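Visitor: I am attaching a structure below and will ask some questions about it afterwards.
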Amino acid sequence: MENQNYVPNPEYAKQQSVVSIGEWVITFILMAIPIVNFVMIFVWAFGGGTSASKAKWAKAILIFWLIAIALAVVFWGVIAALFATALSGFRF
């Protein structure tokens, strides 16, 4: 086999950087602040300069939020339909 000189791609190494425990603690503290969490999740998901693992985590959080919103709309729609059905038989 030939002796190949391996030169790592610095851009790939930046994307594969490990997120430290301290950075995760700061991330979860920021996620506890109501409006900041909404803004930061989009910054981490789609902004540059974020590690690949944190970007994927932020995208997964956005997917869970969308699922939770859809389930809440369905749930409250069913509740509203039940109340409308129950109140339709009453004469005031």
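Every number in this text was worked out from the coordinates using simple rules, so none of it is lab data. Predicted, not measured: the structure shown is a model, and the values here were computed from it. Using ideal geometry, Cβ is built from the backbone for each residue, glycine included, and neighbour counts are taken over all protein chains shown.
Visitor: Show the residue pairs that are 6+ apart or on different chains and have beta-carbon atoms under 6 Å apart, the first residue being within region 32-57 and polar (S, T, N, Q), the second being assigned to a loop (DSSP other than H, G, I, E, B) and surrounded by 14 or more Cβ atoms within 10 Å (Cβ to Cβ).
Guide: 51/19; 53/19
Visitor: Follow-up. Residues that are small (Gly, Ala, Ser), in a helix (DSSP H, G or I) and in contact with a Lys or Arg (Cβ under 7 Å, 6 or more places away or on another chain): does region 57-65 have at least one? It would help to see each step written out before you state the result.
Guide: The first filter runs over region 57-65 and keeps only residues small (Gly, Ala, Ser), leaving 58, 60.
Now narrow it down to the ones that are in a helix (DSSP H, G or I): 58, 60.
If we keep only those that are in contact with a Lys or Arg (Cβ under 7 Å, 6 or more places away or on another chain) too, we end up with none.
No, every residue in region 57-65 fails to be small (Gly, Ala, Ser), in a helix (DSSP H, G or I) and in contact with a Lys or Arg (Cβ under 7 Å, 6 or more places away or on another chain).
Visitor: If you don't mind, there's one more thing I want to ask. Out of all the residues in region 46-56, which are part of a helix (DSSP H, G or I) and touching a Phe, Trp or Tyr at 6+ places or on another chain (Cβ under 7 Å)?
Guide: Filtering region 46-56 for residues part of a helix (DSSP H, G or I) gives 46, 52-56.
Listed by number, the residues that qualify are 54, 55.
Visitor: So, of the residues in region 64-91 that are exposed (fewer than 10 other Cβ atoms within 10 Å of the Cβ) and not hydrophobic (A, V, I, L, M, F, W, C), which turns out to be nearest to residue 38 (Cα to Cα)?
Guide: 85
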